[in-house]
Amino acid sequence: QVQLVESGGGLVQAGGSLRLSCAASGTIFSINHMGWYRQAPGKQRELVALGTSAGITNYADSVKGRFTISRDNARNTVALQMNSLKPEDTAVYFCFLNTVGINYWGKGTLVTVSS
């Protein structure tokens, strides 16, 4: 079993910053990808950012230049630094990881950006 626990969500004004953190625990072998998805009200869940085991990072076009993902492979943690937040970034953010072909998800943390 793998558990993911997110923290760091909250309410922020447009233009502000938040940092999300996620810690994985349990029986974990090798992690392939680790990162963040988000789901806004009435919309599908979308990829925000991920980091691969090779150190490659991918971002959604909508967050490039504003968000930065960082992984600590030794501690099985991933963080998402979100700057210049916009109201359209409002969503529940989910941490995920892929290991041995299985995706695991956190319960999500709410980010609300007010205009």
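The values are calculated or read from the model by the stated rules, or taken from the named source; none is laboratory data. Just so it is clear, the model here is predicted, and its values are computed rather than measured. Every residue, glycine among them, receives a Cβ derived from its backbone with ideal geometry; neighbour counts consider all protein chains shown. SASA here: full protein model, heavy atoms, side chains in, ligands and nucleic acids out. Shrake-Rupley method; radii C 1.70, N 1.55, O 1.52, S 1.80 Å.
What residue, of S84, S114, is at pLDDT 95 or above and in contact with a strand residue (DSSP E or B) (Cβ under 6 Å, 6 or more places away or on another chain)?
Answer to the selection: S114.
Output the residue which, of all residues in segment 67-76 that are touching a strand residue (DSSP E or B) at 6+ places or on another chain (Cβ under 6 Å) and modelled with pLDDT under 95, is nearest to A40 (Cα to Cα).
Checking each candidate, the answer is R71.
Of the residues that sit in segment 1-37 and are within 18 Å of A79 (Cβ to Cβ) and aromatic (F, W, Y), which one is most open to solvent (accessible area, probe 1.4 Å)?
Among those residues, the one meeting the criterion is Y37.
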